[in-house]
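Written below as structure tokens is the structure these notes are about.
The values are calculated or read from the model by the stated rules, or taken from the named source; none is laboratory data. Only a predicted model underlies this, so the values are computations on that prediction, with no experimental measurement involved. Note that we place each Cβ from the backbone using ideal geometry, even for glycine, and neighbour counts take in every protein chain shown. Side chains are part of the model used for accessible areas, which takes the heavy atoms of the whole protein and leaves out ligands, DNA and RNA. Shrake-Rupley method; radii C 1.70, N 1.55, O 1.52, S 1.80 Å.
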Amino acid sequence: MCSSSSRTGPVEGLISIARELRAQGLDARFAGDTARPGENLGEHLALAGVPWETGLRLSRKVRLRDVVHDSARLVAFARDGRYDLFHAAFAHDHSLALWAARRARNPELRVVRAAQRRVDATAGALRQRLWLLRRTDGIVVHSARYRDAIVALGLDGRRVAHVAGAVDTNWFSPGNAPELRRQWGIPNEAPLAGIVARMKAERGHAMLLRAFAQVERQVPQAWLVIVGRGEMEEDLRSLARDLGLSRVVFGGYLRGPGLVQAYRALDLAVWLREGNDGACRGVLEAMACGLPVIAGDEGAPGELVGDAGRVVPAEDPHSIAAALAELLGDLAGTRQLGRAARERAQEFTPRRAAVETLAFWRRLRDLPPLAGP
């Protein structure tokens, strides 16, 4: 369950797991936001071979009539045993699943929360998030550090699993994209760093621009491209002008084959902060394309990168600038590091994520239910 109509964020990861589970003979289905127009989500699900549970609305607009509708449907699903488990990605989904489990009183049903972000691993205001987590059969996190944080809140460690993100390394693979560089106006031989992420205040784009202001002086041939879209784009363009940056390009929003080409156009990638998808699949996508990643030190990014990149404090422009200058100033060394990144990314397969998730779900079956009676 994921109250989103977008194909990006945690949706793609959940669909990947469902596809792998169906290949193992399980009836895994996906429920997303059907109340708002999305990005061809139904087509994406059809291509993946994953059925869409369209009877739920799961709108994050939180309209009362949608909440009442979904509550009734989920209670019915739970009572008739249609599903053995509800796997909830966001707080809205989680609350609905817990309500349904309590109302249905089905001792065989389990509710799992996928704690996507750092805030999801905290007690919350007035400890309301902790209250919900204590009534949840299991919690999946994408960062080992977040698992430790949740267990430190007093939750049973048997009910908290760390499952790292996954990437299709056949689709995301090394290559070159000289035509895209030409479209961006960037010389083919120029050292190029890039960030591929939605332009939101919390993603670290502004800090990256401030860091690159130092790099422009230290590595005169270096360029930076910002790929994506978002509500902060105009603010970031204004900041780039105010900083006097002359080698920064806004590369637009790309997906599908265009997204792969965007990675292939780069020499290295930057990923400072997680978004809605705590699995930070963008880190693995870049690594699978043979790029070292400069990652922020919170959550999954630094854990995914390991020794195949650089891990920096996300709020320190000097550390970010130092890592950028080092890698952009030594492309031979950067490419060698990129080969190590590709090898590491190949460890994070969709099948591994599905196997680990299923093993955790089955482990929960052997524990007393918390979400139900």
Exercise. Given the convex hull over the Cα atoms of the stretch 23-72, what projected area results after averaging over all orientations, in nm²?
Worked result: 4.0
For this session: Go through 26-35, 127-136 and give me the packing order, highest mean Cβ count within 10 Å leading.
Result: 26-35, 127-136
For this session: Describe numerically, in nm with one decimal, the distance between label points set 7 Å from Cα along Cα→Cβ at THR349 and at LEU243.
Result: 4.0
For this session: Find the relative contact order for the stretch 1-84 and round it to a whole percent, using C-alpha pairs within less than 8 Å whose residues are 6+ positions apart.
Result: 29
Problem set entry | Residues with amide H under 5 Å from that of VAL311, placed H, sequence gap 5 or more | ALA295
Problem set entry | Local electrostatic count at VAL305 - Lys and Arg +1, Asp and Glu -1, tallied over other residues with Cβ under 15 Å | -2
For this session: For the chain, calculate the relative contact order in percent as a whole number, restricting contacts to Cα pairs under 8 Å that are 6 or more residues apart.
Result: 18
Problem set entry | In nm, spacing of pseudo-spin labels at ALA340 and LYS200 (7 Å Cα→C-beta vector) | 3.2
For this session: Could you go through the stretch 26-35 in sequence order and give the Karplus-derived ³J(HN,Hα) for each residue, using 6.51 cos²θ - 1.76 cosθ + 1.60 with θ = phi - 60°, rounded to whole Hz, and x for Gly and Pro?
Result: 8, 8, 8, 10, 10, 10, x, 6, 9, 8
Seminar exercise, completed: Ranked output for segments 144-152, 116-124 by mean other Cβ atoms within 10 Å, highest leading, reads 116-124, 144-152
For this session: Would you give the gap between the C-alpha center of the stretch 322-361 and the C-alpha center of the stretch 275-320, rounded to a whole Å?
Result: 9
For this session: Give the calculated FRET efficiency between ARG36 and ALA125 to the nearest 0.05, with a Förster radius of 30 Å applied to their Cβ-Cβ distance.
Result: 0.65
Seminar exercise, completed: Net charge near CYS2 (other residues with Cβ under 9 Å of its Cβ; Lys, Arg +1; Asp, Glu -1) is -2
Problem set entry | Fully extended contour minus Cα-Cα distance, from ASP307 to PHE250, at 0.36 nm per residue | 17.6 nm
Problem set entry | Inter-probe distance in nm under a simple model that places probes 7 Å from Cα toward Cβ, at ARG135 and LEU358 | 3.2
Exercise. What does the highest-first list of 299-312, 328-341 look like by mean Cβ count within 10 Å?
Worked result: 299-312, 328-341
For this session: Per residue of the stretch 195-202, in order, report the coupling 6.51 cos²θ - 1.76 cosθ + 1.60 (Karplus, θ = phi - 60°) as ³J(HN,Hα) in whole Hz, putting x for Gly and Pro.
Result: 10, 10, 6, 4, 7, 10, 4, 7
Seminar exercise, completed: Rounded to a whole %, the carbon-and-sulfur portion of the accessible area of the stretch 193-238 at a 1.4 Å probe is 47
For this session: Express in nm, to one decimal, how much length is gained between ASN170 and ARG79 on full extension, taking 0.36 nm for each residue of separation and deducting their alpha carbon distance.
Result: 28.6 nm
For this session: Report the equivalent ellipsoid semi-axes for the stretch 50-131 in whole Å, largest first, defined as the square roots of five times the eigenvalues of the gyration tensor built from alpha carbon atoms.
Result: 21, 15, 13
Seminar exercise, completed: Once phi for every residue in the stretch 3-13 is put through the Karplus expression 6.51 cos²θ - 1.76 cosθ + 1.60 (θ = phi - 60°), the whole-Hz ³J(HN,Hα) values, with Gly and Pro written as x, are 6, 8, 9, 8, 7, 9, x, x, 4, 4, x
Exercise. Tally Lys and Arg at +1 and Asp and Glu at -1 over the other residues with C-beta under 12 Å from the C-beta of ARG344: what net charge comes out?
Worked result: -2
Seminar exercise, completed: Rounded to the nearest 0.05, FRET efficiency between GLU231 and GLU43 (Cβ-Cβ, R0 30 Å) equals 0.70
For this session: Could you do me a favour and compute the accessible area per residue for the chain, 1.4 Å probe, result in Å²?
Result: 43
